[in-house]
Amino acid sequence: LFNDVPAVGSHDTVLAARKTGPLRGIRVFDLTAYQVGPWATMLLGSMGAEVLHVEHPDTDWSQLSAGVQPTVNGTSVAYLAWNMNKRSIFLDMKNPDDQALAHRIIRTCDVFVNNMRPGAAERAKMSYEELSAINPLLIYCSATGYGRSGPRAGDAGVDGHIQAISGFWSTQGARGGQRETYRHYSQMDGSTGNILAQAILLALVARKRTGKGQRVDVTMIDASATAQLTRLIESLEGVKHAAIGSSAYATAPDRAFKCKDHRWIGVSVTSELEWQRLCSALGCEMLKSDERFEDNRCRVSNRAELENILVPIFAARTQAYWEFTLSSAGIPFGLPLGWSTLRCHEQVIENGYMQEIDTPLWGRLCTGGPPWHFSKTPAQTSSPPIPGEATAELQAEVGLAE
Amino acid sequence: MTWDAIRVGGPLEGLKVIEYAEGVAGPMAGRLLADAGADVVKVEPPRGDRTRGWAFAPSEVASGRIFDALNRSKRSVVIDVPRSSEESCPAIDQLLSAADVVIVDAGELELVDRAVKHLHLIVCVISGWGPDGPWAGLPGGELPAQLSSETTSSLGQAGEEPVRLGTDHASIVTGTYAMQGILAAILAFDEVGGQRIDVSLFGSLIHMRSTLWVSLSNPDRWKGFHLDSYVRPPEFGYQTKDSRMICSLGRVQNAVQLITDLNMEFAFTDSRWELLSTDIAAAVGLGDNAAILHDIWDRGLSQWKFREAKAIIERHGGWATEYLDHHAFSIDEHVRTMGVIIPSAGSDGKSFLDIRAPWKFGETPAPPPRPAPALGQHTPQAVRCDRDDYEQT
């Protein structure tokens, strides 16, 4: 089957992933749009699953995946960023012929994923009852914003809105200022996609044991809560999170300091051993026995006093001095890096954390590399497909199978 | 030695996991595995997981609950693992022989070495910066990963003190990816046996910003909120009489009527009216011109209570959502109807509020959570790994 895929540009790597990844042999019918569903199936594709991503045949490419700007050679960046590692088929889910074709394809699949609004799957003849009757081994997954019932069930499950309602905005802001929104709108979508991919994998593992498919549901509300677990738990205990800049809520000292050359360095002390090491590295042995800073709880309680001591110490030396000193002492630290630095940074390149992908129509795209490294079953990143490119092959495959 | 996994149902029933990891990332992966029914034995050094000492000042009540939430449904075993992997340590070696999966922090070199010698094990190694490269041996963390992946560039003002994303995003996302990697390796096990998986806080955050990297690669022009997050001022939402809100107007047909209905006629004579009216979707929320037009909408929407504004906007086909903080989220009628917030038991035996597992399975439902363990609560039992011993505790 895989030999029939045309070797267009980076399709070599699609093939490579399907030969090496841990999910090789798994086939996914991907009836999802926007970010949540496509993000999840993109991860499965990176791990070697064969993902058949469905698009409507008449879609304007600039409007794919909600038409998120910018475009790259006229195609929405969202389509490109969220549909790597997949094949693409055109189906009009309102057309009975295409519905029948979809059913024939789904018979060959292990997983069906959709993020249609409640009721839409039934209208498209894609209900759990129908599909599980066709294929009892099928894992049937749905992602929704707010679930199937309740007062907000009809509301739009869109990243910026989910961030607002789930409180993702409420635990950060400039020191002493108002709490502010996270302006990279995609993290609640991506976090839900991650949970969705997890749910699919869990059901596949369960199928190994039970020999049965099943229905799996994920909501953006649940996923967003899990993504904010630590802060949410504090809030449920009655904690109010004020805006404290780069400082951490539960650990201290754990913040960015301005160095003599006006560059910043982030220093993160989260254990007693690291605190002892920091005191030594700063030449402040007397802080070790200062009862205000005796353990993390004391340091968090007296955070302002502690930071008042540390701010001038860091301001007296350059970033390079602190980078050397902290790394020698084994204290966690980080430096702010920008896109152009990151893209060619040794640490990024040697771990494959960003990858340059040659695409058939969109030039060279840089994207995040696989977040997991498997020693025996490597994951891969490959070009998004030209919309609809695999339609004829799938038609031929399931036509012959009939 | 036998280790009969505790069987409580769920998709991972019967899976035996050792967690030798602390902080947020590794324990988060362990929590998710335990939520799905795996039997997770948490191995701690005598000093305990560092999160046992994490607290939010000045509140005493919140102390330790981060640990409890991250470590619910696990057993705790204290083993003083020798610094050298050559030195004998029967307690840990027996556990490794009997387990299916190990989650381990990269800094625990001796345990990584011991674990990878067991060829049947799926060993998931969690690091700050990844297994290769010049920073491979350095300790990492939440803020270091946020700064270096430039996650902080979407907050605050360029040139000012970086603003941390308040949730432990690097750590929690890494825990999520660790879980995925482990599950995928289980699926590949029949073919390849055990293997090592590496995830890192740095790599996970870079991956989560993929949409931005693709946007920056070679856009047709600088447009849209992905690219704009660099140049926009801090965003606080729109202020109504009783709460902040976000709105999206992409489906609004009649912009003039919407503006009129919101009593925003003052906008008609504003010098920016043409910009506002030509593409209503771009004028608000995440739209391209939203930052330029923000004060017009703030003035208009501040005349209304949120519910009133939402009703008008929805009548015109738009969407509006209020800003809830975590407390308001937890008591929201819809969230309560869903049952997201659940009671859980802490390591001190007291009840606290936690959140449910994030997936719902038709055939293999996730089991209800069990209490977080006190330090070393199960030591004598779990080293023998006898189910009956556990149930007596």
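The values are calculated or read from the model by the stated rules, or taken from the named source; none is laboratory data. Bear in mind that the values here come from a model prediction, so they are computed numbers and not experimental data. All Cβ positions, glycine included, derive from the backbone under ideal geometry; neighbour counts span all protein chains shown. These area figures cover heavy atoms from the full protein model, side chains too; ligands, DNA and RNA do not enter into them. Shrake-Rupley method; radii C 1.70, N 1.55, O 1.52, S 1.80 Å.
If I filter region A:24-42 down to residues being hydrophobic (A, V, I, L, M, F, W, C) and under 18 Å from the mean Cα position of the chain (by Cα), which single residue comes out as most open to solvent (accessible area, probe 1.4 Å)? Walk me through how you get there before you give the answer.
Going through region A:24-42, the residues hydrophobic (A, V, I, L, M, F, W, C) turn out to be A:26, A:28-29, A:31, A:33, A:36, A:39-40, A:42.
Now narrow it down to the ones that are under 18 Å from the mean Cα position of the chain (by Cα): A:33, A:36, A:39-40, A:42.
Details: A:Ala33: 43, A:Val36: 11, A:Trp39: 1, A:Ala40: 0, A:Met42: 14 Å².
Among those that are hydrophobic (A, V, I, L, M, F, W, C) and under 18 Å from the mean Cα position of the chain (by Cα), it is A:Ala33.
Which of the residues that make up region B:63-92 are of a type outside the set (A, V, I, L, M) and part of a helix (DSSP H, G or I)? Working first, answer last.
If we filter region B:63-92 for residues that are of a type outside the set (A, V, I, L, M), which is where we start, we get B:63-65, B:67-68, B:71-76, B:80, B:82-90.
The answer is B:Arg65, B:Phe67, B:Asp68, B:Pro90.
Looking at this structure, is A:Arg175 on the phi < 0 side of the Ramachandran plot, more than 7 Å from chain B (Cβ to nearest Cβ) and open to solvent by 10 Å² or more (accessible area, probe 1.4 Å)? First the steps, then the outcome.
Working: on the phi < 0 side of the Ramachandran plot: yes; more than 7 Å from chain B (Cβ to nearest Cβ): no; open to solvent by 10 Å² or more (accessible area, probe 1.4 Å): yes.
The answer is no for A:Arg175.
Can you give me the ranges of the helices (runs of 4 or more DSSP H) entirely in region A:298-402 with at least 1 residues that are within 30 Å of B:Val123 (Cβ to Cβ) and not polar (S, T, N, Q)? First the steps, then the outcome.
Working: elements: A:303-315, A:319-329, A:339-343, A:346-351, A:391-401.
Correct list: A:319-329, A:339-343, A:346-351.
Please state which of the following conditions B:Ile296 fails to meet, knowing it meets all the rest: (1) modelled with pLDDT under 95; (2) open to solvent by less than 40 Å² (accessible area, probe 1.4 Å).
Only one criterion is unmet by B:Ile296, namely (1).
Could you tell me which residue of region B:160-173 is farthest from the other protein chains (Cβ to nearest Cβ), considering only residues that are among the acidic types (Asp, Glu) and surrounded by fewer than 24 Cβ atoms within 10 Å (Cβ to Cβ)? If you could, list the steps in order and put the result at the bottom.
First, pick out the residues of region B:160-173 that are among the acidic types (Asp, Glu): B:160-161, B:168.
Subsequent filtering for residues that are surrounded by fewer than 24 Cβ atoms within 10 Å (Cβ to Cβ) retains B:160-161.
Numbers: B:Glu160: 7, B:Glu161: 5 Å.
Among them, the one singled out is B:Glu160.
Could you say whether any residue in region A:357-376 is open to solvent by 50 Å² or more (accessible area, probe 1.4 Å) and under 21 Å from the mean Cα position of the chain (by Cα)?
Step one: list which residues in region A:357-376 are open to solvent by 50 Å² or more (accessible area, probe 1.4 Å), which gives A:358, A:361, A:364, A:375-376.
Pick out the ones that are also under 21 Å from the mean Cα position of the chain (by Cα) and you get none.
No, region A:357-376 has no match at all.
B:Ala311: touching a residue at least 24 places away in the same chain (Cβ under 8 Å) and more than 30 Å from A:Thr226 (Cβ to Cβ), yes or no?
Details: touching a residue at least 24 places away in the same chain (Cβ under 8 Å): no; more than 30 Å from A:Thr226 (Cβ to Cβ): yes.
Answer is no for this residue.
Among the residues of region A:128-167, count how many are under 18 Å from the mean Cα position of the chain (by Cα), more than 7 Å from every other protein chain (Cβ to nearest Cβ) and farther than 28 Å from A:Arg209 by Cα. Don't jump to the end; show me each part of the working.
Filtering region A:128-167 for residues under 18 Å from the mean Cα position of the chain (by Cα) gives A:141-145, A:157-163, A:166.
Going one step further and asking which of them are more than 7 Å from every other protein chain (Cβ to nearest Cβ), we end up with A:141-145, A:157, A:159, A:162-163.
Checking the rest, the ones that are also farther than 28 Å from A:Arg209 by Cα come to A:145, A:157, A:159, A:162-163.
Total satisfying the criteria: 5.
Looking at region A:276-307, which of the residues that are open to solvent by 60 Å² or more (accessible area, probe 1.4 Å) and hydroxyl-bearing (Ser, Thr, Tyr) is farthest from B:Pro144 (Cα to Cα)?
Among them, the one singled out is A:Ser289.
Just checking, how many residues over region B:138-159 are in contact (Cβ under 8 Å) with a residue 60 or more places away in the chain, more than 7 Å from chain A (Cβ to nearest Cβ) and either in contact with a helix residue (DSSP H, G or I) (Cβ under 9 Å, 6 or more places away or on another chain) or surrounded by 24 or more Cβ atoms within 10 Å (Cβ to Cβ) (or both)?
The total comes to 2.
Of all residues in region A:259-275, which are open to solvent by 70 Å² or more (accessible area, probe 1.4 Å) and either part of a helix (DSSP H, G or I) or under 24 Å from B:Phe67 (Cα atoms) (or both)?
Narrowing region A:259-275 to residues open to solvent by 70 Å² or more (accessible area, probe 1.4 Å): A:260, A:262-263, A:272-273.
A:Glu272, A:Leu273 - these are the residues of region A:259-275 that are open to solvent by 70 Å² or more (accessible area, probe 1.4 Å) and either part of a helix (DSSP H, G or I) or under 24 Å from B:Phe67 (Cα atoms) (or both).
Yes or no: region B:103-111 includes at least one residue that is within 22 Å of B:Ala38 (Cα to Cα), part of a loop (DSSP other than H, G, I, E, B) and open to solvent by less than 30 Å² (accessible area, probe 1.4 Å).
Just the residues of region B:103-111 that are within 22 Å of B:Ala38 (Cα to Cα), to begin with: B:103-105, B:111.
Those still in the list that are part of a loop (DSSP other than H, G, I, E, B) too: none.
No.
So which of A:Ala197, A:Ala252, A:Ala243, A:Ala203 ends up being crowded, with 23+ Cβ neighbours inside 10 Å, touching a Lys or Arg at 6+ places or on another chain (Cβ under 6 Å) and either in contact (Cβ under 8 Å) with a residue 40 or more places away in the chain or within 30 Å of B:Pro46 (Cβ to Cβ) (or both)? Walk me through how you get there before you give the answer.
On the way: A:Ala197 fails: touching a Lys or Arg at 6+ places or on another chain (Cβ under 6 Å); A:Ala243 fails: crowded, with 23+ Cβ neighbours inside 10 Å; A:Ala203 fails: touching a Lys or Arg at 6+ places or on another chain (Cβ under 6 Å).
Of the residues listed, the single one that is crowded, with 23+ Cβ neighbours inside 10 Å, touching a Lys or Arg at 6+ places or on another chain (Cβ under 6 Å) and either in contact (Cβ under 8 Å) with a residue 40 or more places away in the chain or within 30 Å of B:Pro46 (Cβ to Cβ) (or both) is A:Ala252.
This table checks each residue for (1) in contact with a Gly (Cβ under 6 Å, 6 or more places away or on another chain); (2) at pLDDT 95 or above; (3) surrounded by 15 or more Cβ atoms within 10 Å (Cβ to Cβ).
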residue	(1), (2), (3)
B:Phe329	yes, yes, yes
B:His334	yes, yes, yes
B:Gly346	no, no, yes
B:Ser351	no, no, no
B:Asp354	no, yes, yes
B:Ala357	no, yes, yes
B:Leu375	yes, no, yes
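How many of the residues in region A:54-81 are under 18 Å from the mean Cα position of the chain (by Cα), open to solvent by less than 10 Å² (accessible area, probe 1.4 Å) and of a type outside the set (A, V, I, L, M)?
Of the residues in region A:54-81, 1 are under 18 Å from the mean Cα position of the chain (by Cα), open to solvent by less than 10 Å² (accessible area, probe 1.4 Å) and of a type outside the set (A, V, I, L, M).
Checking A:Ser88 against (1) open to solvent by less than 10 Å² (accessible area, probe 1.4 Å); (2) part of a loop (DSSP other than H, G, I, E, B); (3) in contact with an Asp or Glu (Cβ under 9 Å, 6 or more places away or on another chain), only one condition comes out false. Which one?
(2)
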